[in-house]
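Novice: The structure under discussion is supplied below as structure tokens; questions concerning it will follow.
No value in this document is a laboratory result; all are computed from the given coordinates. Treat the numbers as computed from the prediction; the structure is a model and nothing was measured.
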Amino acid sequence: MWSKANTLARRVAHLIVNGADPGRRLPMTFSRQAATEMADQVHVLSVSSGSNPSLLSVALAGTFHAIPCLLRKYAERIRFDPAFTIYDRKTRPTR
């Protein structure tokens, strides 16, 4: 059975195999388990396509909730305004 995470993992693996920088990919999903499986699957799919395994680590894969928290925590290090706004359909903007 195909899931959204599986489809995304295949797309990211395809991009990497075709020359995209794995460190500039940021696959996100809704659950931690799916994010972990997605990152693992990207690696497996890329290696099975004959790519160099040492070049295939996705720098980060996570959830739609965790990634903004990490961005806020390390905002100054990456020269990002730590007061950015997170919009969510179900909630009002937060700062």
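Novice: For Ile86, enumerate residues with amide H under 5 Å from its amide H, sequence gap 5+ or separate chain, H modeled in the peptide plane.
Specialist: Thr94
Novice: Same structure, new question: Find the eigenvalues of the gyration tensor of the Cα atoms of the range 1-44, then list the square roots of 5 times those eigenvalues as equivalent ellipsoid semi-axes, largest first, in whole angstrom.
Specialist: 17, 11, 8
Novice: May I pose another question? Which whole-Hz couplings ³J(HN,Hα) result when phi for each residue of the range 20-36 is put into the Karplus expression 6.51 cos²θ - 1.76 cosθ + 1.60, θ = phi - 60°, listed in order with x for Gly and Pro?
Specialist: Result, ordered by residue: 5, 6, x, x, 10, 9, 9, x, 10, 8, 8, 10, 5, 4, 5, 5, 5 Hz.
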